[in-house]
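Structure, as structure tokens:
Please treat every number below as a calculation from the coordinates, not as lab data. From a predicted model like this one, the values you see are computed outputs, not experimental measurements. Here the Cβ is made from the backbone with ideal geometry for all residues, glycine too, and neighbour counts use every protein chain on show.
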Amino acid sequence: MAGAEGPAGRQSELEPVVSLVDVLEEDEELEKEACAVLGGSDSEKCSYSQGSVKRQALYACGTCTPKGEAPAGICLACSYECHGSHKLFELYTKRNFHCDCGNSKFKNLECKLFPDKAKINSGNKYNDNFFGLYCICKRPYPDPDDEIPDEMIQCVVCEDWFHGRHLGAMPPESGDFQEMVCQACMKRCSFLWAYAAQLAVTKVSAEDDGLVLNVDGIGDEEVTKPENGYHHDSPLKEDAPEHAKDAVKAIKAEQTNEPCASSSSESDLQTVFKNQHLNTESQTGCKLQELKAKHFIKKDTATVWPLNWHSKLCTCKDCMKMYGDLDVLFLTDEYDTVLAYENKGKVDQAAGRTDPLMDTLSSMNRVQQVELICEYNDLKTELKDYLKRFADEGTVVKREDIQQFFEEFQSKKRRRVDGMQYYCS
């Protein structure tokens, strides 16, 4: 009937038109993301034989080690082979970790890939992530009760994950930063505040009102920065340097109109104050001491950092000892970063890799291309529904599951082809 709209026409209005190129680009992006996380890890061999792996994809098994038990982490290969049907928590990547699969933390399971393990891996570090809980709010991710859209960001030091709204300060909206150090780790590694003034993506300025100023040379005391840059009520330690005491006396005298016992003016005192620290830096060659000679502040917030900020950290003897005492020596290793791990996975996956689907399409005529597109769409729809069952149950997809899917898919395809009727005109 002229002007009538058939079911196919109505369906085309309801469904967005997606080209094969769009589909391939979307799949390629998802594949790149998976390769970034998994590409640097071995999917067939337990990583335990490699020792404390510098960085690898890790999982925790909620079936074998539920909350209340000792936390444990398993490598990528063991998540497939030994825990395929279990409830797993994806931990993304962790540094310096021995696979725990089958050790004394697993009461009723022996590792199929590497059973000869030590009872305990004393060098491993654990947190609430191993029970599927994240951030200071200790909630799961995704959280079915959280209706606020928020991105989770991993701390480069403790490797916990945090909601953006729980960092004490929202990260830049542009997302133009590489790594984050959480509030707790900034408190523990307070030396980073001296670097934050120069390197952090969101600069922490001593000119900001209401911030906390650390005046190096007064000791470990923190003083609130008023308009003139010093706080006359700040307590000084008994062993504080004389130039620091003179600086505070000068400010007190100016604010109360009393004569100052020191013969130096305030500006002279500040000059002496800074020069003494610059002389200290020139004698020691320490970048950190040079930065501490300048005014910097400490806040109760997380900080975000740009690419390659690790290379700017001082590596003098004293600083390296400090990193060791704080157990953060990895901060000086640019290859420790998640970015370096992801890039390795991408490079390994891309080496010698070709796209068979694009190669096949280029050799087909128009009719064959359309037929292939239809088959591809059917495959994509059925595979998505099939994998959704595993996602809903929280189980791992194993090789035999994929084989079973394609066997069933081919069987359906044969039944469709056999049932077709052909007519000659």
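Which of the three applies to segment 32-129, rounded, prolate or oblate, going by the alpha-carbon gyration tensor with a ≥ b ≥ c and a/c under 1.5 meaning rounded? Write down the numbers at each step before the final one.
Details: a/c = 1.34, a/b = 1.27, b/c = 1.05.
The shape class here is rounded.
Highest average first, the peptides 72-85, 376-389 ordered by how many other beta carbon atoms sit within 10 Å of their residues are 72-85, 376-389. In this calculation the C-beta distance from residue 136 to residue 362 is compared with R0 = 56 Å, giving a FRET efficiency of 0.60. Residue-wise HN-Hα couplings along segment 127-143, as the Karplus relation 6.51 cos²θ - 1.76 cosθ + 1.60 with θ = phi - 60° gives them from phi, are 8, 5, 4, 6, 10, x, 10, 9, 6, 6, 7, 6, 10, x, 9, x, 9 Hz; Gly and Pro carry x. Distant-in-sequence amide contacts of residue 56, defined by a placed amide H-H separation under 5 Å and a gap of 5 or more residues or a different chain, comprise 94. Extents of segment 107-189, largest first, come to 48, 34, 21 Å (Cα atoms, principal axes, whole angstrom).
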